[in-house]
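Since the structure comes first, as structure tokens, the remarks are kept for the end.
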Amino acid sequence: MAGSAAAVAIAGGAVLGLAGPASAHNYMIASTPKVDGTLTELPKSFEITTNDKLLDIGGSDSGFAYRIVGPDGKYYEDGCLAVDGPSMTTKAALGDSGKYTVEWQIISADGHTVSDEYSFTWDAPAGFRPATGQTKPPTCATDEGNADGSASATTGTASGETDSTTSDAIWIGAGGIVVVGVVVAVLLLLRRRPAPAQDDTDED
Ligand SMILES: [Cu+2]
């Protein structure tokens, strides 16, 4: 259904000589820590911000992933992630200093999956007690008694916004078709009907 709607919108745009609606994927515009940056303090949360709303259907975080991989190849994120508008956050207790990798996956506003990774350097402050990483990506534990509630605060408004964007495109496309239809109809009428004789002219 979305496919045919998009086809209609694109056809409408094409008839009018316009480009079809842009369908770009979300891309990362900011992050904590920064790409190739150095952390000297453990951030409250790790965050990736993209250029557009994330598609978090029903607030389920389905299709999203956020991993903080240590120099030892272990996973340091807590397994819980929160999606809010264009951003995704998670918490991680890092281990020893060294080079870490952030692996992330999000669902774009257009429903497509985008994933990438980047690295940062962890320069632990004096007295930091390194956490123990997991050999497998942890799942969000809700029974450990320290759930911070941020994951459950996730809302699923992105899908609604995307729907309205899609229907905007449909209406724009449909409008184009209607305009073209009217123009064609008028042209046909003008061609089919010879100019009526005006009653007060003397063209003969
Ligand atoms: Cu896409």
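Across segment 24-51, which residue is nearest to Ala92 (Cα to Cα) among those that are assigned to a strand (DSSP E or B), more than 16 Å from the ligand (Cβ to nearest atom) and open to solvent by less than 70 Å² (accessible area, probe 1.4 Å)?
Phe46
Give the residues of segment 132-149 that are in contact with a strand residue (DSSP E or B) (Cβ under 8 Å, 6 or more places away or on another chain) and either modelled with pLDDT of 95 or more or within 21 Å of Tyr100 (Cβ to Cβ) (or both), sorted by residue number.
Those that are in contact with a strand residue (DSSP E or B) (Cβ under 8 Å, 6 or more places away or on another chain) and either modelled with pLDDT of 95 or more or within 21 Å of Tyr100 (Cβ to Cβ) (or both): Gly133, Gln134, Thr135, Lys136, Pro137, Pro138, Thr139, Cys140.
Looking at segment 67-90, which of its residues are more than 14 Å from Gly133 (Cβ to Cβ) and not hydroxyl-bearing (Ser, Thr, Tyr)?
Within segment 67-90, Cys80, Leu81, Ala82, Val83, Asp84, Gly85, Pro86, Met88 meet the criteria.
Kindly provide the set of residues from segment 88-103 that are open to solvent by 20 Å² or more (accessible area, probe 1.4 Å), in contact with a Ser or Thr (Cβ under 7 Å, 6 or more places away or on another chain) and either under 13 Å from Phe46 (Cβ atoms) or not in a strand (DSSP E or B) (or both), ordered by number.
Thr89, Lys91, Thr101 - these are the residues of segment 88-103 that are open to solvent by 20 Å² or more (accessible area, probe 1.4 Å), in contact with a Ser or Thr (Cβ under 7 Å, 6 or more places away or on another chain) and either under 13 Å from Phe46 (Cβ atoms) or not in a strand (DSSP E or B) (or both).
Please count how many residues of segment 51-97 are in contact with a strand residue (DSSP E or B) (Cβ under 7 Å, 6 or more places away or on another chain), hydroxyl-bearing (Ser, Thr, Tyr) and free of Cβ contacts under 8 Å to residues at least 60 places away in the same chain.
5
Counting just the residues of segment 57-73 that are over 20 Å from the mean Cα position of the chain (by Cα) and outside any loop (DSSP other than H, G, I, E, B), which one comes out surrounded by the fewest Cβ atoms within 10 Å (Cβ to Cβ)?
Val69
Where the second residue is away from the ligand (no atom under 16 Å from the Cβ) and assigned to a strand (DSSP E or B) and the first is of a type in the set (Gly, Ala, Ser) and lies in segment 102-128, which pairs have Cβ atoms under 6 Å and are six or more apart or on separate chains?
What qualifies is Ser119/Lys99; Ser119/Thr101.
Among (1) within 16 Å of the ligand (Cβ to nearest atom); (2) aliphatic (A, V, I, L, M); (3) part of a strand (DSSP E or B), where does Leu54 come up short?
(3)
What residue, among those in segment 104-123 that are away from the ligand (no atom under 13 Å from the Cβ) and open to solvent by less than 20 Å² (accessible area, probe 1.4 Å), is nearest to Asp78 (Cα to Cα)?
Ranking the qualifying residues of segment 104-123, first place goes to Trp104.
The values are calculated or read from the model by the stated rules, or taken from the named source; none is laboratory data. Because the structure is predicted, anything quoted here is derived from the model rather than measured. Backbone-built Cβ (ideal geometry, glycine too); neighbour counts: all protein chains shown. In case anyone asks, the SASA skips ligands and DNA or RNA and just uses the protein heavy atoms, side chains included. Shrake-Rupley method; radii C 1.70, N 1.55, O 1.52, S 1.80 Å.
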